[in-house]
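Colleague: Here it is, the structure, as structure tokens.
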Amino acid sequence: MCPSDNTYVETMCSCNGIISLMDYHNQRLNHTRHDLFGCNDNIDLRDYVSPDAKEPCLKIRAVYGINGITEVTYAPYKPKDIKFLHLVYDDNIDYSYKSSDRTRLQSLAAQKGDCDEVLIIRNNLITDTSYTNVAVYVRGKWLTPRLPLLKGTRRASLLDKGLIIEADIHPDDITDNTEIMLFNAMMDFGTCIARLKR
């Protein structure tokens, strides 16, 4: 159990009022509440969010804790331009649940140097960037880390569709020319490809 004052987040993408991956967001939210707070009731985020149908792309952020949804915010979204990734190492980081406390992730992201983003290595295995899941193009297949920092909603959807395959990926498996796909709830698969800069 986590302390009852801890809060967690679901970040959803709305395009013209239509929210993508809603079932996956509900599943993760209720799984987190059950695991961390012992809650047996289920929350449906559809009861709490009402995006503007006129907005082409909105980032919806729902904050919740032991007592349910505590805050919902809406903001226009423009994806970052990510071209180059820098490897950073942290064998003790744990972000199994989407916590509102991103202090450790932000500390790692600050080590990006002249790159656009970091790729986090834990126990000699590739995990995630500081805010996206990843897939690596190897031998004609898109492989995603078997042990990511966070099991993202889009990652779950892509696995269900068979578009990505779980695997253990080591830093040595990636060259400077390897394509690395970044994706999350706000970034669709295929919209952001980066490479390592060592």
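Colleague: Just from its helices, what would the mean residue ellipticity at 222 nm be for the chain, if runs of 4 or more DSSP H residues each count -39500 (n - 2.57) and the sum is divided by every residue, rounded to the nearest 500 deg cm²/dmol? If you can, show how the numbers build up before the last one.
Modeller: On the way: 3 runs with 32 residues, N = 198.
Result for the chain, helices only: -5000 deg cm²/dmol.
Colleague: Got the relative contact order for the chain handy, in percent, Cα pairs under 8 Å and 6 or more residues apart?
Modeller: The value is 20 percent.
Colleague: Could you let me know the centre-to-centre spacing of segment 99-124 and segment 142-160, using Cα atoms, in angstrom?
Modeller: Here the two parts' Cα centres lie 18 Å apart.
Colleague: With a 1.4 Å probe and all protein chains left in place, how much accessible area per residue does the chain have, in Å²? List each step's numbers first, then the result.
Modeller: Numbers: 10380 Å² over 198 residues.
Accessible surface, normalised per residue, equals 52 Å².
Colleague: Same structure, new question: I need the P(r) histogram for the chain: all alpha carbon pairs, bin width 10 Å from 0 out to the longest distance, whole percents.
Modeller: 9, 34, 36, 19, 2
Colleague: Another one. Pairs on different chains or at least eight residues apart, Cα atoms closer than 17 Å: how many lysine pairs in segment 49-198 fit?
Modeller: Lysine pairs meeting the criterion: 11.
Colleague: If you don't mind, there's one more thing I want to ask. What percentage of the solvent-accessible surface of the chain, computed with a 1.4 Å probe over protein heavy atoms, is contributed by carbon and sulfur atoms? If you can, show how the numbers build up before the last one.
Modeller: On the way: 4840 of 10380 Å².
Carbon-and-sulfur percentage of accessible area, whole number: 47.
Colleague: Here is a further query. Considering the options VAL134, SER14, ILE82, tell which one lies farthest towards the positive end of the dipole of the chain, charges being +1 on Lys and Arg and -1 on Asp and Glu at the Cβ, about the Cα centre.
Modeller: Of the options given, the answer is ILE82.
The values are calculated or read from the model by the stated rules, or taken from the named source; none is laboratory data. Remember, it's a predicted structure, so these values are computed and weren't measured experimentally. Cβ coordinates were reconstructed from backbone atoms using ideal geometry, including for glycine residues, and neighbour counts include every protein chain displayed. The area values use the complete protein model at the heavy-atom level, side chains included, leaving out ligands, DNA and RNA. Shrake-Rupley method; radii C 1.70, N 1.55, O 1.52, S 1.80 Å.
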